[in-house]
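Take a look at the structure below.
Since every read-out is calculated from the coordinates, none of them should be taken as a lab result. The model shown is predicted, which means the values in this text are computed figures rather than measured ones. All Cβ positions, glycine included, derive from the backbone under ideal geometry; neighbour counts span all protein chains shown.
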């Protein structure tokens with residue numbers, strides 16, 4: 001009796017529930033095991049997902065979003081040393097005014113020139129009152145107490161007040177005949 005070197009035993013095929021585990025292998029038969037032949041830049045671009053020179057935002061910065069290079073640094077959140085601030089202003093002189101607004105106190109509200117001169121515009125009733133006011137304003141301009149521009153503003157405010165007084169007088173004259181009772185003849 002001659003013995004065969006290989007037994008004639010046939011193995012059973014795997015169960016159907018196990019077939020999906022080995023159906024897709026990640027290792028391919030022809031997969032190279034050496035160094036990637038593509039250039040390094042191409043490998044990095046593939047890894048990042050963007051080609052060289054492309055940021056990924058093809059439509060650019062959205063409207064309303066300021067250019068980050070022109071943004072003003074917040075000096076309260078992140079104070080800068082005097083040298084760093086000086087260097088920043090040397091590089092970006094357009095930031096001087098916005099940074100000064102952050103550092104300096106807000107400007108004081110200007111004092112009304114009428115208050116400085118002691119003039120009450122609401123007390124003006126007659127043309128003579130307005131003449132006295134304008135003489136006082138001209139004297140204040142000549143004496144250097146107020147500027148010519150402030151004198152002009154005061155004169156315009158006085159003119160507006162004079163027009164309102166005249167309109168009121170005309171309106172009262174128009175109403176006066178109607179308000180008088182009509183005598184009845186019996």
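In nm, what is the difference between 0.36 nm times the number of residues separating residue 84 and residue 147 and their Cα-Cα distance?
That works out to 18.6 nm of additional length.
Residues of segment 162-178 with backbone nitrogen within less than 20 Å of a virtual label 7 Å along the Cα-to-Cβ line of residue 125, please, listed as ranges.
162-176
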